[in-house]
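J.: Once you've had a glance at the structure underneath, I'll fire off some questions.
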Amino acid sequence: MTLLDPAALSALPVPHALLGESPLWHPDEQVLYWVDIPGRVLHRFDPLRGEHRAWPQASDPACCVPVLGGGLLLAMRDGLWHFDTRRGERTRVAKPPYDPATQRFNDGKADAQGRFWIGTIDDAREPRAALYCHTPGEGLKRVAEGITASNGLAFSPDGRTLLWADTKAHAVSAFDVDGHDGSLSNRRVWRQFALRDTARPITEYGGRPDGAAMDSAGGYWLALFEGQRLLRLDPQGHTLAELPLPVRCPTMPCFGGADLRTLYITSSREKRPADELAAQPLAGGVLQMRVEVPGLPAYLARL
């Protein structure tokens, strides 16, 4: 295993979020998007111009993907919305397939066929969450279930494997994917992480799987929430590299820049102890670092 140097990390000059999540490098606009879920804000940063912009939202934004033809497809507590970034307006694409009083959308990614895969999270952290797929012309379909907090969605470079994490269970599962119709099969536990022993200091806790991103060599970069680290795993789930972080709660990485070799990492400061926040002033910010292996570009969703 390779231990990556955290000294290579730097912070973007952007406002800190309560719960920063779901960074997205837009392949056409060449800018970074991310959300603050409880802050109800969609953020955008243009690294070439050094410009930041924010759009307040009417509901909790969970994740976004670029849309063929322009704009973003936003998964929010109150459904799926097409967001026009030029006008700052949203148009409903689909109603939520759950009771928004008890659940919301969470992690999501588009695939090469333009489908939008989005998982949910149960507010009471009961195993009532599920994975949905939005297909053009067909709407939302429930494709997997039985988890509490959906995270870690990423497709292998060939699109034939989907990885999906249940944060509370500390487990990442894998599915075989039929690229033609998007059907899933052969669900199996791909990597199981140790549960936290609450009798031990949090500094001895390795963290639980949160958001993830895939690189072009099949390396799965996974944020370990409360573990203060990022892991790069091989296609069999074995650890290739570890990146220690200056924040206790990283939430999700993504690859950006013209060459897709800039790693961006969102983080959280929501409900963290005051002494921890004092010691970790970058909590809630967005970190960046150059890496050797480029990431995969974000696919565009089709409405």
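The values are calculated or read from the model by the stated rules, or taken from the named source; none is laboratory data. Being a predicted model, the structure only gives us computed values, none of them experimental. Cβ placement follows ideal geometry from the backbone for every residue including glycine, while neighbour counts extend to all protein chains displayed. With ligands, DNA and RNA removed, areas are computed over all heavy atoms of the protein, side chains included. Shrake-Rupley method; radii C 1.70, N 1.55, O 1.52, S 1.80 Å.
J.: Rounded to the nearest 500, what is the chain's calculated 222 nm mean residue ellipticity when only DSSP H runs of at least 4 contribute -39500 (n - 2.57) each, over all residues?
T.: Counting only the DSSP helices, I get -500 deg cm²/dmol.
J.: While we're looking at this one, here's another question. Roughly how many whole Å is it from the C-alpha centroid of segment 286-303 to that of segment 211-272?
T.: Taking the Cα centre of each part, segment 286-303 and segment 211-272 sit 11 Å apart.
J.: Please give me the summed charge of the neighbours of residue 284: other residues whose Cβ is under 12 Å from its Cβ, Lys and Arg +1, Asp and Glu -1.
T.: Local charge sum for residue 284: 0.
J.: Order 11-23, 289-301 from most to least packed using the mean count of other Cβ atoms within 10 Å.
T.: Result, highest mean first: 11-23, 289-301.
J.: Quick one: Cα centre-to-centre distance for segment 177-197 and segment 3-25, in angstrom?
T.: A separation of 27 Å, based on Cα centres.
J.: Cross-link candidates for residue 95: which lysines have Cα within less than 22 Å, leaving aside residues fewer than 8 places away along the same chain?
T.: 109, 141
J.: Compute the distance from the alpha-carbon center of segment 85-144 to that of segment 36-69, in whole Å.
T.: Cα centroid to Cα centroid, the span is 17 Å.
J.: Here's something else I'd like to know. Over the chain, what is the percentage of antiparallel beta bridges among all DSSP beta bridges, to the nearest 5?
T.: The antiparallel fraction comes to roughly 95 percent.
J.: Rounded to the nearest 10 Å², what accessible area does residue 243 show when all protein chains are kept and the probe is 1.4 Å?
T.: Rounded to the nearest 10, the figure is 0 Å².
J.: Enumerate the lysines that residue 271 could reach by cross-link, defined here as Cα to Cα under 23 Å, with residues fewer than 8 away along the same chain left out.
T.: Within reach: 168.
J.: Considering only protein heavy atoms and a probe of 1.4 Å, how much of the accessible area of the chain is carbon and sulfur, as a whole percent?
T.: It is 50 percent, rounded to a whole number.
J.: For a distance above 35 Å, tell me the whole-number percent of Cα pairs in the chain that qualify.
T.: When every Cα pair of the chain is considered, 10 percent fall beyond 35 Å.
J.: Moving to a separate point now. If you roll a 1.4 Å probe over the heavy atoms of the protein chains, what accessible area per residue do you get for segment 65-195, in Å²?
T.: In whole numbers, segment 65-195 has 43 Å² accessible per residue.
J.: Taking the Cβ of residue 84 as the centre, find all other residues whose Cβ is under 15 Å away and add up their charges (Lys, Arg: +1; Asp, Glu: -1).
T.: Taking every other residue near residue 84 into account, the sum is +3.
J.: Identify, among 227, 165, 264, the residue whose Cα sits farthest towards the positive end of the charge dipole of segment 158-303, taking +1 on the Cβ of Lys and Arg and -1 on the Cβ of Asp and Glu, with the dipole about the Cα centre.
T.: Toward the positive end, the furthest listed residue is 227.
J.: Dipole of the chain, Cα-centred, from +1 at each Lys and Arg C-beta and -1 at each Asp and Glu C-beta, to the nearest 20 debye?
T.: 400
J.: Once the other residues with Cβ under 9 Å from the Cβ of residue 293 are scored (Lys, Arg +1; Asp, Glu -1), what is the net sum?
T.: 0
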